[in-house]
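One structure is given below, encoded as structure tokens.
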Amino acid sequence: MVAEVREARVDFLTIQGLLIPKTQEDYLKLVRLCYRFREAVNVSMRLQLEGMNKSTGVKELRKILNNWWYADSTWNYAKMLVEGCNDSNPKHLHVKSKFLISYAKSNERGNRNIRVDDYEVRIRDPFSREWLKFRHDFGDRFIKADKYTAKVVFRNGKIYLHLSLPFELFKYGVTCGKLIASFDLNSDRINMIIVDWNGKIREVRVKHFPEVISHGFPKNKAKDVRLKALAELLDYAYYHNVGIVLFEDLDKIKKRRFTKNRKANRKISKFAKRELLHYGVSMALKRGFKVYFVNPANTSKVAKRIYRTLGLDVHSTSAYVLAQKFTNFYEFLSTS
């Protein structure tokens, strides 16, 4: 059976910065606006479930927010929530946290209601008809863009601004490599195997970090260790003639499988694999690789049968099996 393969694409990338109010009055007005926005999102979901069309719905939401552009953003966000319910009942959806979103619009100098420049963020308050002013701190991650979506969230007593920017602004590498690098991501190691289109193994690289799954190890520090290891492997691939990067398609895995082994279960529970994969795809695309997801069905079972024959560990063999599925897929396409 030929494996399912799909290309990974990223159109936008989000950066996060801290918002610092210039006055207490601006802070309180922003809090009120975010509460009203949350209310409008919940109303918007109810209107959509009742079958109301967007034009009529936005007019109703404008009565809550006193601003067409904010009302339009609530409708779009609510639609995303309703459509993302999958098998669950969307009637049970209810947003509890206060927040604010302003989606990017064409020819609006970046964003209609939330304006960001090098030193300041201005947020339009539809009730006082004033611009609320804040300082921002993105560290060294701030990038100016002509068009962006902005989201304000409150977390742990602080205000954060998330900016979704076109991915092209973040790309810094181009590769014309001919080889394929396949990855197996695990809680305490990352395995990378480099093969050619004939399936011949060219390189095997492994990054071990067993300390991150120990009791008491900080979660954020563990994340940094894993990301650093993944970045180093991608850099190695970039300078060793790799043009294609492969990851497991986690959408084909319905849920985590826990075992009877308590240590293994602790590893699973401490490991945000989807988050690491998300960063891995972004990092690979930034470097100019073509990135593909491969259906991982039965990959581990096959790896356990053949790893001794290859002289590799099970995890590196899993990455090899994933690469074999990918090359077989394209061989099938070329002969069909």
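Quick one: which residue in Ile159, Ile143, Ile190 is more than 30 Å from Arg115 (Cβ to Cβ) and not aromatic (Phe, Trp, Tyr)?
Ile190
Which condition breaks for Lys228 when tested against (1) among the basic types (Lys, Arg); (2) modelled with pLDDT of 95 or more; (3) not in a helix (DSSP H, G or I)?
Condition not satisfied by Lys228: (3).
Filtering segment 131-170 down to residues that are in contact (Cβ under 8 Å) with a residue 24 or more places away in the chain and among the acidic types (Asp, Glu), which residue is most open to solvent (accessible area, probe 1.4 Å)? It would help to see each step written out before you state the result.
Filtering segment 131-170 for residues in contact (Cβ under 8 Å) with a residue 24 or more places away in the chain gives 132-139, 141-154, 158-167, 169-170.
Still in the running and among the acidic types (Asp, Glu): 137, 146.
On the way: Asp137: 83, Asp146: 142 Å².
Among those that are in contact (Cβ under 8 Å) with a residue 24 or more places away in the chain and among the acidic types (Asp, Glu), it is Asp146.
Between Lys22, Lys54, Lys91, Lys59, which is within 22 Å of Asn156 (Cβ to Cβ), over 24 Å from the mean Cα position of the chain (by Cα) and open to solvent by 70 Å² or more (accessible area, probe 1.4 Å)?
Unique residue meeting the criteria: Lys22.
Restricting to segment 37-51, give me the number of residues that are under 29 Å from Gly157 (Cβ atoms) and without any contact (Cβ under 8 Å) to a residue 40 or more places away in the chain.
So the answer is 4.
One residue is enough: does segment 247-264 have a residue meeting the conditions modelled with pLDDT of 90 or more and open to solvent by less than 20 Å² (accessible area, probe 1.4 Å)?
Yes, that holds for at least one residue.
Return the pair list, or none, for Cβ contacts closer than 8 Å from residues in segment 78-105 that are without any contact (Cβ under 8 Å) to a residue 60 or more places away in the chain and among the polar types (S, T, N, Q) to residues that are assigned to a loop (DSSP other than H, G, I, E, B) and buried (at least 17 other Cβ atoms within 10 Å of the Cβ), at least 6 apart or on different chains.
Hits for this filter: Ser102/Asn111; Ser102/Arg112; Ser102/Asn113.
Among the residues of segment 106-130 satisfying the criterion of being open to solvent by 70 Å² or more (accessible area, probe 1.4 Å) and of a type in the set (S, T, N, Q), which is farthest from Phe12 (Cα to Cα)?
So the residue we want is Asn107.
Here are some residues: Arg122, Arg141. Which one is out of contact with any helix residue (DSSP H, G or I) (no Cβ under 7 Å at 6 or more places or on another chain) and in a strand (DSSP E or B)? Break it down stepwise before answering.
Working: Arg141 fails: in a strand (DSSP E or B).
Testing whether each residue is out of contact with any helix residue (DSSP H, G or I) (no Cβ under 7 Å at 6 or more places or on another chain) and in a strand (DSSP E or B) leaves just Arg122.
Search segment 62-88 for residues being farther than 29 Å from Val121 by Cβ and out of contact with any helix residue (DSSP H, G or I) (no Cβ under 8 Å at 6 or more places or on another chain), and hand back the single one that is most open to solvent (accessible area, probe 1.4 Å).
Of everything passing the filter in segment 62-88, Asp87 is most open to solvent (accessible area, probe 1.4 Å).
The values are calculated or read from the model by the stated rules, or taken from the named source; none is laboratory data. All values reported here derive from a predicted model rather than from experimental measurement. A quick note on method: Cβ atoms are made from the backbone with ideal geometry, for glycine too, and the neighbour counts reach across all protein chains shown. Side chains are part of the model used for accessible areas, which takes the heavy atoms of the whole protein and leaves out ligands, DNA and RNA. Shrake-Rupley method; radii C 1.70, N 1.55, O 1.52, S 1.80 Å.
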